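*Asks:* Got a structure for you, written out below as structure tokens; questions coming shortly.
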Amino acid sequence: IIVRINLNRESMSFQYISEQLYGGYCLLTGGRCAHSPIGITPNSFFVAEPYDTEREYREKAIKEALNGYKVSIADEKAMNISLTCKICHDVQSSEFGIVDITRFNRNALIELGLLYGFNKPTIIIMKKKLRVHVKIPSNIIGIEQIRYVDYPDLTYKLKRSEERRVGKECRSRW
């Protein structure tokens, strides 16, 4: 990560620039990424989820829990680039990730791999009642997950998780 500091008489700002894997490697072409370098938006989350009938409720619960944070969902804003490139860009420009693996959606798992590949702290969420129907891969089963019963429960648990993370950061600064 490169930190660029901008100073002027009125203010000081920090811009975090993500160094691409392998020096700007593009996952689509195998060449250099055309969008490199990509700035990381502080306090932002990329959400990977299945596009199912519960999507609207899940997104509302996540956004309510992360009030004050920027939440990026792959198809929310249009960009004139391929969807794979857009997702890769959104993953890199986010500071954190949230991935719903409830139905073991392949696209969400690919996005989880991208988040881990770009070293993004990621929260894995899973609806409890559907867990029995999904066999979790061995490389994911050992990772802590937030298991929720319904969407109010998801909101509550995400808020609690974020409060713990912020508390740890504050304690580590002292």
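Only the coordinates and a few stated rules stand behind these numbers; no lab work does. Computed from a predicted model, the values in this text were never measured in an experiment. Counting neighbours? That spans all protein chains shown, and the Cβs are built from the backbone with ideal geometry, glycine included.
*Asks:* On full extension of the chain, what length is gained from His35 through Arg55, given 0.36 nm per residue of separation minus the C-alpha to C-alpha distance?
*Replies:* Computed gain between His35 and Arg55 is 4.3 nm.
*Asks:* Taking only the C-alpha atoms, wrap a convex hull around segment 40-142 and report its volume per residue in Å³ as a whole number.
*Replies:* 108
*Asks:* Using a simple spin-label model with points 7 Å from Cα along the Cα→Cβ vector, what separation in nm is obtained for Asn119 and Phe104?
*Replies:* Between Asn119 and Phe104, the simple spin-label model gives 3.2 nm.
*Asks:* Another one. At 0.36 nm per residue, minus the direct Cα-Cα distance, what do Lys159 and Leu28 gain on full extension? Give it in nm, one decimal, please.
*Replies:* Roughly 43.6 nm would be gained on extension.
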